[in-house]
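The values are calculated or read from the model by the stated rules, or taken from the named source; none is laboratory data. Predicted model, so just to flag it, every value in this text is computed and none were measured. Backbone-built Cβ (ideal geometry, glycine too); neighbour counts: all protein chains shown.
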Amino acid sequence: MPGGLVRYTLILQNVGGEVARDVVIQDVLPPELELVEVVATQGTVVISGSAIEVQVGAVEPGQMVRVTIVARVRSDVPPGTEIENVAQVGYPGGPPTTTRTTVVVTVPGLPETGGGLSPALLLLGLLGLIGGGGLLWSARRIVLPSP
């Protein structure tokens, strides 16, 4: 709902057998959202306006990194508006991978499910191959086989 909070949770996992180096996650929030907070379990968070960059660095095999982005829906966004957020992750030598999620602005006064923050989870993206495995990022812990 307008003025409500949305939480995006990005989970990156190295499912390969080698270290992924210089991993970077980028997300530019759509104009309907105002950034409230970004928390990462690893790396440096750089914010410039609505642009978020998490310089994760090295990700060991099997390691997971979680980034949580909390944003507020602007008060002038009409109910029923679909807000698409797009995030990208990449590392040198690997193809950038994009994932998208959409939230719908609800009518004020309707009860929220789950209370507090409404989760808007970024879904699956596979980040190239590293030593026969690869990096996986998701809001769910899913391991995909290597192609």
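For the stretch 61-87, which residues satisfy the criterion of being of a type in the set (A, V, I, L, M, F, W, C), within 17 Å of V39 (Cα to Cα) and surrounded by fewer than 18 Cβ atoms within 10 Å (Cβ to Cβ)? Show your work before the answer.
Filtering the stretch 61-87 down to residues of a type in the set (A, V, I, L, M, F, W, C) leaves 64-65, 67, 69-71, 73, 77, 83, 86-87.
With the extra rule that they be within 17 Å of V39 (Cα to Cα), the set shrinks to 64-65, 67, 69-71, 87.
Passing the criteria: M64, V70.
Tell me, which strands (runs of 3 or more DSSP E) lie completely within the stretch 47-111 with 3 or more residues that are at pLDDT 85 or above and touching a Leu at 6+ places or on another chain (Cβ under 6 Å)?
On the way: elements: 51-59, 64-73, 82-90, 97-104.
Qualifying strands (runs of 3 or more DSSP E): 64-73.
Step by step: first the residues of the stretch 45-60, then only those that are among the aliphatic types (A, V, I, L, M) and touching a residue at least 24 places away in the same chain (Cβ under 8 Å), then the one that is surrounded by the fewest Cβ atoms within 10 Å (Cβ to Cβ). Which residue is that?
Across the stretch 45-60, the extreme among qualifying residues is A51.
Checking V23 against (1) more than 13 Å from Y91 (Cα to Cα); (2) part of a strand (DSSP E or B); (3) of a type in the set (A, V, I, L, M), only one condition comes out false. Which one?
(1)
I'm checking my understanding of the structure. Among residues of the stretch 8-44 that are at pLDDT below 95 and small (G, A, S), which one is surrounded by the most Cβ atoms within 10 Å (Cβ to Cβ)?
Result: A20.
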